[in-house]
Structures are given as C-alpha cells and as structure tokens.
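So the structure is just underneath, and the comments pick up after that.
The values are calculated or read from the model by the stated rules, or taken from the named source; none is laboratory data. Being a predicted model, the structure only gives us computed values, none of them experimental. No Cβ is skipped: glycine too gets one built from the backbone with ideal geometry, and neighbour counts run over all protein chains shown.
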Amino acid sequence: MGILDRVFRHTTEPRRQGGPRVTVSIEVNDDSAARWAAMSPQERREEKARSQEALRIERLAADGATAARERRGHVRGKHYTEWPDTVRDLKREERHGEALDLLFECIDAAERDRDGREPAPWYTEQAAIIFRKGKDYAAEIAVLERYQKACPRGQRSETVDARLMKARQFLSKSTR
C-alpha cells in the first residue's frame, strides 16, 4: 500500500434544521505521514507518479466505459492531467516549441475528455501565455477562440475570456 492511500469513513448525524449532516474524515497511518513529511519534493513527485500509474493501469484494465474514458484523455501514454509539471519545466527551459506541441496534444485530449463540459482551460492558457510572450497575438487569439468554441454556452473560463479581449487589443495596436 502506497503512502498516498487513505482510509475514508463517514457518519451521518441528524441536523436540527435542513436534514442529515454527513461528516467525512480521513485517517492517515502515522508511519506513512512521517515518511511523506520526510520525503524531498522530488521523491513526493515520484511517489505521486507511481500512484497515478497504478490507477491508470487499473482504469485501462477495467471493462468498457471506464477504459474508453481513460484512453480518451491519453497523451503520449499518460493522462493529460499528468503533464503540467513537464510543461512548466519546458517553459522554464525556454523550450517553447516543445511545450506548445505538448500543450496542443493536451488541448486535444481535454476536448475529447470533456463529457459535455468545458475542456480544462489550463492548457489553453499556457499556450496563450507562450504566444503572447512571443508577440504572436494572432496565434494567441486562435487558441483562445478554439477553447471558446469547445465550451458549452455559459461554461467558459472568465480568465480565458479576459485574455482573449486583451489579445485582441494587443493585435489591433500592433497592426496600426
């Protein structure tokens, strides 16, 4: 059993007003908590990656809908939600082309995996940041508009909307 494993228990107690109250508590093995606290950030990332890999394998081995849902979100053998640290590292190393390639793969996966909701905006925002830093306002607008088109009505990210408005202003100033 990994350090990240937790035991959940809940109790239902009657409330004075408004019906039952549910209390959820988390029990953590003292040895596991101490080992976790003693780990370096790198060791914690590695432990988290091991736990995510085990969960991914379990989901892929499941029948039907669970496995199909897991595959929809895959990028380069991992779920798209597992790539932010890599994206941050690529950006920090100023490997923007590689970061954009990965981000667009993640944007595709987030759009496939959205189940009628808005796709995860983080990947779009990161691509837009890279484009703005390179003063490529047209590309920034294109990626932000792509996000908006993928969103159901009324379910857009306000930060994406604000960034799009600002990018349009930058583009109009740069073409004067």
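Could you list, in sequence order, the residues of segment 88-103 that are in contact (Cβ under 8 Å) with a residue 24 or more places away in the chain and aliphatic (A, V, I, L, M)? Steps first, answer last, please.
So the first thing to find is which residues in segment 88-103 are in contact (Cβ under 8 Å) with a residue 24 or more places away in the chain, and the list is 91, 96, 99-100, 102-103.
Once the filter is applied, which keeps residues that are in contact (Cβ under 8 Å) with a residue 24 or more places away in the chain and aliphatic (A, V, I, L, M), segment 88-103 yields Ala99, Leu100, Leu102, Leu103.
Among the residues of segment 149-172, how many are surrounded by 15 or more Cβ atoms within 10 Å (Cβ to Cβ) and among the polar types (S, T, N, Q)?
1
Consider Thr175 against the criteria (1) free of Cβ contacts under 8 Å to residues at least 12 places away in the same chain; (2) β-branched (Val, Ile, Thr); (3) crowded, with 19+ Cβ neighbours inside 10 Å: it satisfies all of them except one. Which criterion is unmet?
The single condition Thr175 does not satisfy is (3).
Listed here are the residues, each with its yes/no results for (1) modelled with pLDDT of 95 or more; (2) in contact with a helix residue (DSSP H, G or I) (Cβ under 6 Å, 6 or more places away or on another chain); (3) not assigned by TED's automatic domain parsing to the domain that holds Trp83.
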{"residue": "Pro119", "(1), (2), (3)": "no, yes, no"}
{"residue": "Glu125", "(1), (2), (3)": "yes, no, no"}
{"residue": "Asp136", "(1), (2), (3)": "yes, no, no"}
{"residue": "Glu140", "(1), (2), (3)": "yes, yes, no"}
{"residue": "Cys151", "(1), (2), (3)": "no, no, no"}
{"residue": "Ser157", "(1), (2), (3)": "no, no, no"}
{"residue": "Asp161", "(1), (2), (3)": "no, no, no"}
